[in-house]
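We did not get these values from a lab; they are worked out from the coordinates using the rules stated. Worth saying up front: this structure is predicted, and the values here are computed from it rather than measured.
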Amino acid sequence: MYAWISLLTTKDKAILATRQFLAFMGDQYHISVQMWMSDGGGEYKLAAFDELLRNKGIKILQSVLYTPQQNGRAECLICTLSDKAESMCFGMCLPESWWNFAFHYAYYIYNYTPQIQLDWHTHYELLKGEKPKVSYL
């Protein structure tokens, strides 16, 4: 599962971020999203959000409220990336205001790290069909 993230400053930006993500997937990878899974948070309960997904023929899935276990992979990934970002900030004595940058870097590294579940390939490699260049890291 290649990870894409969008850090929102406010929840009302979820619709714009979703619209941009769907356009990105269609334009860059010629992929149409089939299903959308959410935790039923307020940003996903708006009529405009439902309309956006339904107009694109996307099936809406929602976990039961207050059961993060149903979002297992996503919750695990968020926890992993948060821990990595926090470690980078703490290890480099960075101020809390740099947490967003550290989180972006953590997800970048995640996509470029070989995984046993992928037969020691990277998410990037499976998506792009080529080994990532990491010499600049």
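Assorted remarks:
- Cα-based helix-to-principal-axis angle, 72-91 vs the chain, degrees rounded to 10: 40
- Region 59-103 - convex hull of the alpha-carbon atoms, volume per residue in Å³: 98
- Sum of -39500 (n - 2.57) over DSSP H runs of 4+, divided by residues of the chain (222 nm, nearest 500): -14500 deg cm²/dmol
- Between helix 99-111 and the chain there is an angle of about 80 degrees, using the helix long axis and the longest principal axis of the Cα atoms.
- Rg [Å, one decimal], Dmax [Å, integer] - region 22-96, C-alpha atoms: 16.4, 46
- Spatial separation of Cα centroids for region 1-15 and region 47-108, in angstrom: 7
- For the chain, alpha-carbon Rg relative to the globular expectation (2.2 N^0.38 Å, N residues): 1.16
- Axis angle, to the nearest 10 degrees, between helix 14-29 and the longest C-alpha principal axis of the chain: 70 degrees.
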